[in-house]
Amino acid sequence: MAKRPPYLLLLTVLTGFGLMLSSLWWSRIPLQGLMQAESSEPAAFRAVYYGLRGAEQVSAGQPDGTLTIAPLRAVSEQLGPVPTLLPVYDGSVTAQAFADAYPSLPAEALPGFGKTVYAVEYANVRLLLLNASRMTETSSAAAQWNWARDASLSPGKAMNLLVVDQLPEEAFLWDRLNASAVDAVLAGSDVYMRQSSLMQETEGIMSVPSAVEWKRWTPEKQFPEAVQLLLEGTSGQLRVKVVSRKGADLGYVVLDSSPYEKQELAALPPVTLIPQQSLWFYRAGGEDLPVFIPEGFDMHGEHPSTGAANVPAGDWRSPDFPDAGWQLDGAPFGQHRDPLLKRQLRTQLPLPAESPAYYFRKSFEFTGKPEELAAMSLLISYEDGFAAYLNGEELARGSLSTGLLTPQKLAEPNEAVLYKAFDLTSRMDKLRSGRNVLAVEVHRSHPKAPNLLFDAVLTVQYKGGVQP
């Protein structure tokens with residue numbers, strides 16, 4: 001067989017590289033404020049993230065206004081342009097080629113990094129994109145994390161998402177993230193979430209040993225058919241869904257905006273609506289527990305309703321439910337093998353094998369108005385999992401999967417969690433002037449599990465720090 005002339009091989013390589021760059025040129029980049037909705041209502045945010053399985057499913061088949069966030073190598077293998085693309089620099093081309101291909105990206109957001117480190121603000125979300133290829137240099141890594149920390153603390157956005165091709169293991173990055181207002185990190189196939197921002201969990205979420213404030217989720221290990229993440233949100237809340245190749249929703253988590261972005265709240269004195277060690281009405285789970293299932297409710301939680309629940313008075317979560325027949329005692333409630341924890345329980349509960357769950361209700365008075373508040377927080381102790389409701393509408397979950405919760409539902413195995421804080425600022429509209437009811441269900445990980453724990457504190461902070 002005759003050999004090809006050397007110049008033909010060189011020409012082939014250069015042509016392929018030129019086609020790759022041309023596909024990047026065709027992509028459109030939303031600049032800061034470019035797609036910001038001019039409305040007094042919170043603008044919706046929608047984006048797809050292709051970090052799970054490389055380049056196999058990047059496509060333009062998304063509704064108008066949807067951002068596409070993808071590593072550069074994933075985009076370079078496509079046959080056509082990807083609308084509204086945010087490229088994540090991964091070192092697959094030079095920084096200069098990247099800058100030439102994306103002229104509309106912000107220039108020199110961080111000195112010395114060109115366009116490989118940049119920020120984009122879209123609707124209510126600030127996206128911070130870093131250069132993983134220079135994370136091996138200690139000074140370069142520190143400069144990027146310091147920049148991300150400072151950028152996230154700038155006022156004006158409800159959510160802060162950081163995106164990087166790979167996350168290094170250096171311990172110092174967690175110190176900088178803890179000092180920032182970053183709510184979540186998308187890093188390759190991993191999603192890292194700040195615990196105080198995580199409002200609703202799913203199975204497969206693990207603690208990060210080197211960062212007690214953060215949790216890690218790797219959807220592609222949990223769902224072999226997963227190909228992308230769909231990010232959807234309004235106001236201060238964001239839902240992160242795992243999507244299959246066929247477009248099915250496989251699971252999701254819900255994030256709330258980080259309390260660290262509202263630094264002025266630290267100076268506002270909290271007002272306690274439900275104090276520690278309060279009296280609660282309670283009962284064990286059973287088939288006779290009255291639970292209302294709304295019409296069209298998705299039992300698996302793949303397509304949950306975001307509207308008001310409007311549960312009837314006969315539902316145990318309703319503020320009008322007659323709980324006088326339940327038992328009344330003081331928190332903390334539970335049962336525990338740990339002698340120290342057991343001594344701290346005010347009410348020790350029997351743990352019947354018929355159901356792994358207990359149900360709690362607490363009424364309280366709120367004399368103000370929701371519009372007068374700056375923040376609302378739930379501090380809760382639990383083992384193994386819980387779901388909390390205010391006036392019949394869900395506020396937060398921990399270690400319980402999505403979908404319908406029944407008295408037989410098992411939680412994920414979990415160590416005792418002591419007064420974990422959940423920022424409920426986006427839920428303040430669920431609070432009413434006058435009488436309110438907080439309802440909580442706590443589930444063990446097995447009907448014969450020996451441990452159960454529950455106590456809860458609800459606080460608010462008034463604007464200006466002054467209670468009317």
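The values are calculated or read from the model by the stated rules, or taken from the named source; none is laboratory data. Remember, it's a predicted structure, so these values are computed and weren't measured experimentally. Note that each Cβ is placed from the backbone with ideal geometry, even for glycine, and that neighbours are counted across all protein chains shown.
For the range 363-376, the condition of being closer than 17 Å to TRP280 by Cα and buried (at least 20 other Cβ atoms within 10 Å of the Cβ) holds for none of the residues. For the range 448-458, does any single residue satisfy the condition of being of a type in the set (Lys, Arg), out of contact with any strand residue (DSSP E or B) (no Cβ under 8 Å at 6 or more places or on another chain) and either buried (at least 19 other Cβ atoms within 10 Å of the Cβ) or not assigned by TED's automatic domain parsing to the domain that holds LEU198 (or both)? Checked against the condition, which is being of a type in the set (Lys, Arg), out of contact with any strand residue (DSSP E or B) (no Cβ under 8 Å at 6 or more places or on another chain) and either buried (at least 19 other Cβ atoms within 10 Å of the Cβ) or not assigned by TED's automatic domain parsing to the domain that holds LEU198 (or both), the range 448-458 yields at least one hit.
Provide a single number: the residues in the range 342-378 that are in a strand (DSSP E or B) and among the hydrophobic types (A, V, I, L, M, F, W, C).
Number satisfying all stated conditions: 9.
Of the listed requirements (1) more than 24 Å from PRO87 (Cα to Cα); (2) under 19 Å from the mean Cα position of the chain (by Cα); (3) in a loop (DSSP other than H, G, I, E, B), ALA181 misses just one: (1).
If you go through the range 116-175, how many residues are in contact with a strand residue (DSSP E or B) (Cβ under 9 Å, 6 or more places away or on another chain) and polar (S, T, N, Q)? Matching residues across the range 116-175 total 8.
Each row is one residue, and each column tells you yes or no for (1) surrounded by 15 or more Cβ atoms within 10 Å (Cβ to Cβ); (2) modelled with pLDDT under 90.
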{"position": "THR272", "(1), (2)": "no, no"}
{"position": "TRP280", "(1), (2)": "yes, no"}
{"position": "ARG283", "(1), (2)": "yes, no"}
{"position": "ASP288", "(1), (2)": "no, no"}
{"position": "PHE292", "(1), (2)": "yes, yes"}
{"position": "MET299", "(1), (2)": "no, yes"}
{"position": "HIS303", "(1), (2)": "no, yes"}
{"position": "ALA309", "(1), (2)": "yes, yes"}
{"position": "PRO312", "(1), (2)": "no, no"}
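Per-residue answers, yes or no, for (1) within 19 Å of the chain's Cα centre (by Cα); (2) assigned to a loop (DSSP other than H, G, I, E, B); (3) of a type in the set (Lys, Arg):
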| position | (1), (2), (3) |
| --- | --- |
| THR402 | yes, yes, no |
| ALA421 | yes, no, no |
| SER445 | no, yes, no |
| GLY464 | no, no, no |
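Modelled with pLDDT of 90 or more, surrounded by 19 or more Cβ atoms within 10 Å (Cβ to Cβ) and not in a helix (DSSP H, G or I): is that true of LEU105 in this structure? Answer is no for this residue. Could you list, in sequence order, the residues of the range 397-408 that are more than 22 Å from GLN237 (Cα to Cα) and surrounded by fewer than 19 Cβ atoms within 10 Å (Cβ to Cβ)? Correct list: THR406, GLN408.
One line per residue, one yes/no per condition, for (1) at pLDDT 85 or above; (2) crowded, with 21+ Cβ neighbours inside 10 Å; (3) in a helix (DSSP H, G or I):
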site	(1), (2), (3)
SER139	yes, no, yes
TRP145	yes, yes, yes
ASP150	yes, no, yes
PRO155	no, no, no
ASN160	yes, yes, no
GLU169	no, no, no
TRP174	no, no, yes
VAL191	yes, yes, no
MET199	no, yes, no
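Six or more apart or on different chains, Cβ under 9 Å: which pairs go from a residue in the range 160-185 that's aromatic (Phe, Trp, Tyr) to one that's modelled with pLDDT under 80 and surrounded by fewer than 22 Cβ atoms within 10 Å (Cβ to Cβ)? Could you list them? Cβ pairs passing all conditions: TRP174/SER210; TRP174/ALA211; TRP174/VAL212; TRP174/GLU213. Every test in (1) outside any helix (DSSP H, G or I); (2) charged (D, E, K, R); (3) surrounded by fewer than 18 Cβ atoms within 10 Å (Cβ to Cβ) is passed by GLU394 save one, and that test is (3).
Which ones in the range 423-443 are buried (at least 17 other Cβ atoms within 10 Å of the Cβ) and part of a loop (DSSP other than H, G, I, E, B)? LEU424, LEU431, listed by residue number.
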